[in-house]
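Below: one structure, written as structure tokens.
The values are calculated or read from the model by the stated rules, or taken from the named source; none is laboratory data. Because the structure is a prediction, the values reported are computed rather than measured. No Cβ is skipped: glycine too gets one built from the backbone with ideal geometry, and neighbour counts run over all protein chains shown. Areas reflect the complete protein model, heavy atoms only, side chains present, ligands, DNA and RNA absent. Shrake-Rupley method; radii C 1.70, N 1.55, O 1.52, S 1.80 Å.
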Amino acid sequence: MAGAALDVFENEPVKEHPLLSLGHFMAFSHVAGYTREAVTQVGIACARNIVDVLVHGNRPASVMNGL
């Protein structure tokens with residue numbers, strides 16, 4: 001393997017980590033959830049959950065229900 005890249009660390013933002021000192025390692029911010037499409041889908045899921053609670057009396061297990 002010539003190199004490696006990660007976009008998720010246990011604690012972010014990462015300021016110090018042993019991997020960051022390696023010459024063939026790249027670290028990126030974990031931003032996949034911040035795309036326009038992802039934000040739109042979370043908004044739609046939230047709206048569906050609100051309707052489900054108010055209209056049907058159901059309690060959703062998670063804000064991500066319906067995705």
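Every condition in (1) aromatic (Phe, Trp, Tyr); (2) surrounded by fewer than 11 Cβ atoms within 10 Å (Cβ to Cβ); (3) modelled with pLDDT of 85 or more holds for Phe25 except the one numbered (2).
On the given criteria, is Asn58 surrounded by 10 or more Cβ atoms within 10 Å (Cβ to Cβ) and modelled with pLDDT under 85? Answer is yes for this residue. Looking at the stretch 28-48, which of the residues that are out of contact with any helix residue (DSSP H, G or I) (no Cβ under 9 Å at 6 or more places or on another chain), at pLDDT below 80 and under 30 Å from Arg59 (Cβ atoms) is most open to solvent (accessible area, probe 1.4 Å)? Here the residue is Tyr34. A count restricted to the stretch 10-22 and to residues that are surrounded by 10 or more Cβ atoms within 10 Å (Cβ to Cβ) and at pLDDT 80 or above stands at 4.
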